[in-house]
Every structure is written in structure tokens, then in C-alpha cells.
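The values are calculated or read from the model by the stated rules, or taken from the named source; none is laboratory data. The structure displayed is predicted, hence computed values, not measured ones. Heads up, the Cβs are rebuilt from the backbone with ideal geometry, glycines too, and the neighbour counts pull from every protein chain shown.
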Amino acid sequence: MDDVLLSVSDFVALTNQTLEYAFPIVQVQGEVTEFKIAQGKWVRFKIKDAGAVINCFMTMFQMRVLLEDGMKVIVTAQPKLDGRWGTFTLNVRAVKPVGEGSIKKGFELLKAKLEKEGLFAVERKRSLPRVPKRVAVITSTESAAYADFIKIINKRWGGLDIEVAHTQVQGVPAPDQMIRAIRYFNSLEVLPEVLVIIRGGGSAEDLSTFNDEPLVRAIAESRIPTLVGVGHEVDHTLADMISDVRAATPTDAAQILVPDRQEIIRGARAQASSIGYLLTQAIDNYSRQTKDNLNAAFSRIQEKLDGTFEQLGVLRVAVSQLNPENVLKRGYALLRGEQTVGAKLEIETATNIITTEVQDVRSK
Amino acid sequence: MSGASKSVQEKLTDLSELVGWFQGASFKLETALDKFKEAEALAEEIEKDLTKLKNDIKIVKKRFDSEV
């Protein structure tokens, strides 16, 4: 092309055309430097390594994790020669931190931002129904985590209507897929009672999907109460921190979601037994009370009887003293018959009955 | 109080109410035996219901890998 004379604009256009053909999309890894946000909309920074540095440009809308100078990132971008400024720039479509330190930094920056907005506040947390009927699940149906979750749910409880949205749970497309699934469930005429998002363990990079800002915000905005269980117990993602209920793992999510039917059966049996015990106790109380009442009545009757017998004894003594037999025993005699001369009289002593005749009657 | 049309949750509530009745002021020995039998029947129904209940799992047909 030695003999071709191009205008600057034509050269820039030709270069961009060649770049578009040769490198429509590139992924470049480097360290962020000179990070700036202009007017809250435009993001400019550079990425560098030991030997080179390159300009990067993107919109705030495309930035799903917060960046800071010094973070290691991979940018997915379209290389372009900017005709207006004569600079070579990567027009960034997506950027993600790489390496444990940078992922952690991105996590901390976004966490601080969301915390400032009050999105982690305890007052925002909604409780889940004790036994939900309609449950929505977002996960990869091909994952072991999903298989475990369903196995435990089936073992623990029954009668649930579970709708599962299959999405990717790692990689660049995953956050948007999950966001679409969240919106789908939130747009249903009859809302599920709980929205569960689960994913098994993985590397910090795999799990960083759940630190994606739009995804985290979609979880926070869900009209359906959310239960998120991602990774292992030690893993913390912004998605599970912002959810209404955090589960340590997908298995834990299943255990939180529904009670254990065996425990409920044991509880129902225990309640019926406790009623039996209460009934026995009530019967015992009534018996004891009745027995006490009867004893009290018997005691009262006994007291009355004792009193009466005592009175009777006194009377008996009195009567006994009045008995004529006793008088005869003391030497007196009982005289029967008319007191006229010649009449027959009968004299009764303690031991004999004597018949005699009246010979004389005188006044005393 | 019990009935085939009631959900497990409703039956559990009924059972708790029965326990409450036994512990409360409305307790009467005359009706207690019937209430106890009712509670036993409820506990059995709950066990049967919970043992036979299966979950209905549906995979959403809609694809989420694109906006359309």
C-alpha cells in the first residue's frame, strides 16, 4: 500500500475495519490504573502489565463490579482506534476481577456501596413462610447442588409445587440469565411464596458471579422473599448477603425451606401423647378431689356419730339409774295391789315375788 | 375438627388448639375423652398425609439465555 495515499479519517476507518475483522472481540488481562468515572456515566481507565499499557473505555451501565487502581482484571473488549483523540482504546463490554485479591477487593467495594444504601439492613429482611406451598428455584438443573437440594426437599416434605428455572450459575452469561429468571418469577400472576437461588461450591472466580451488581440488585428488588444458598459454608457472596434469608449451602437452603416431616410426625404424636397425659392428670385430679370430698363427708358423719354415741351413753347411764330392777337390787321392794284390809298384795324384791294379805291400813 | 379436606398445616393448627383446650379454662372432663380421641385421630391423619405427600417439580420451559 506504499502508493496509496489515505486521509487521516480514511486511515482510522481502515484500521478499525481491519481490527474488527481480525479481532472482533478480545480478552485482555492486566492491572487497572488511572481509574476514573466522568459525569457518573463514562468509565475510563488503563490496564497495564510490566511491558505495556492500554486505554480502556466503558459505560457505567456495563460495569457490573466496582474497580479500583491496582486490581487485576480481564476485560472483554473491542479494540478501536479513536479518531477524535488519536488514541488506541479497548471499548470494554465486560470486566471482571481475577485473582483472589482483586475479587475480594471488588467484593468489598460493592459491599460498602450497597451497605451505604442500606440494602443489607435487617429491617429489609422478610421472613419465609414456615411451610410454603409454591416455590421457585433458580439454578443449573445439571448441577449436583440441584440434585442434592431436590433429594433433601423430597425427603423432608411433600405437597410442594416447585418451579425450576434452569440458568447458568457461572461464567459471563450467568448473572443476566439469573436476572431474567428472577424477573420471570416476579412477573407471574400468582407469585411463588419463596424464591430460592442455589449453586454448589466452586472457585472464588466461579462464585464471583454472585457478586455481580445488577444480579445482587435484582435479588434485593424481588417481590418474592428470597433464600440464597451459594457455595460452601465458608463462602460469602453479596447475593446471599442481600437475600432475605441466607443459607450456608444448597443443602442448608433445603433444610431452611421446609420442615422435616419426620420431626412434624414426632411432634404431632408427642402432642397427642401430651393430651393423653393431661387427660390422665385431669382424671387423677378429679379422683383425688372426689376422694378428698368423700373423706371429708365421712369424717363429718363420723364426728356426728361420735357425738350422738356420747349423748346416748349419757342417756343410757341416766336410764340405767332409773331402772326399777336396779332400785330393787338396792334393797327396795315393789308393791302391787289395792291397799284395803283383806286384799291380796304382791311384793316384788330383787330376787322374789311374795303374795300377802292386807291386815291393817293406817294413814301416815 | 379434623377432616379429609384440610391441609396438614390446618390439621397441625387444630391439634395445637386441642392441646390449648386441655390446658385452658374451657377444659371439661365430660368432653375431654372425646377431644383426646380427636387429637389421636388428627395425629394419625397428619402422619398419613405427610407420609404420602409428594412434591410436584416442573422445569420452566422458558429459556433465560437471551432476552427473547
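Observations
- Residues in the stretch A:1-44 that are among the polar types (S, T, N, Q) and touching a Leu at 6+ places or on another chain (Cβ under 8 Å): A:THR15, A:ASN16.
- You will find that of B:GLU40, B:GLU17, B:GLU44, B:GLU67, the residue that is at pLDDT below 90 and acidic (Asp, Glu) is B:GLU67 and no other.
- Index of the failed condition, A:VAL12 passing every other in (1) under 21 Å from A:PRO173 (Cβ atoms); (2) assigned to a helix (DSSP H, G or I): (1)
- Of everything in the stretch A:182-205 that is surrounded by fewer than 19 Cβ atoms within 10 Å (Cβ to Cβ) and of a type in the set (D, E, K, R), the residue that is farthest from the chain's Cα centre (by Cα) is A:GLU205.
- Contacts under 6 angstrom Cβ, first residue in the stretch A:150-177 being more than 18 Å from A:GLY229 (Cα to Cα), partner of a type in the set (Lys, Arg) and not in a helix (DSSP H, G or I), 6 or more apart: A:GLY158/B:LYS54; A:ASP161/A:ARG134
- Among (1) loosely packed, with under 13 Cβ neighbours inside 10 Å; (2) within 14 Å of chain B (Cβ to nearest Cβ); (3) of a type in the set (Lys, Arg) - the single one A:ARG269 does not satisfy: (1)
- Matching residues in the stretch A:12-32 - criterion: being surrounded by 14 or more Cβ atoms within 10 Å (Cβ to Cβ) and either outside the structural domain of A:LEU81 (by TED's automatic domain parsing) or β-branched (Val, Ile, Thr) (or both): A:VAL12, A:THR15, A:VAL28, A:VAL32
- Residue within the stretch A:215-224 that is surrounded by fewer than 21 Cβ atoms within 10 Å (Cβ to Cβ), over 28 Å from A:GLU117 (Cβ atoms) and either under 21 Å from the mean Cα position of the chain (by Cα) or modelled with pLDDT of 95 or more (or both) present: no
- Scanning the stretch A:51-89 for residues that are closer than 19 Å to A:SER9 by Cα and either surrounded by 17 or more Cβ atoms within 10 Å (Cβ to Cβ) or in the same structural domain as A:LEU215 (by TED's automatic domain parsing) (or both) gives A:PRO79, A:LYS80, A:LEU81, A:THR89.
- Filtering the stretch B:40-58 to residues that are acidic (Asp, Glu), assigned to a helix (DSSP H, G or I) and within 7 Å of chain A (Cβ to nearest Cβ) leaves B:GLU40, B:GLU47.
- Among the criteria (1) in contact with a Gly (Cβ under 9 Å, 6 or more places away or on another chain); (2) of a type outside the set (Asp, Glu); (3) not in a loop (DSSP other than H, G, I, E, B), the one A:ILE179 does not fulfil is (1).
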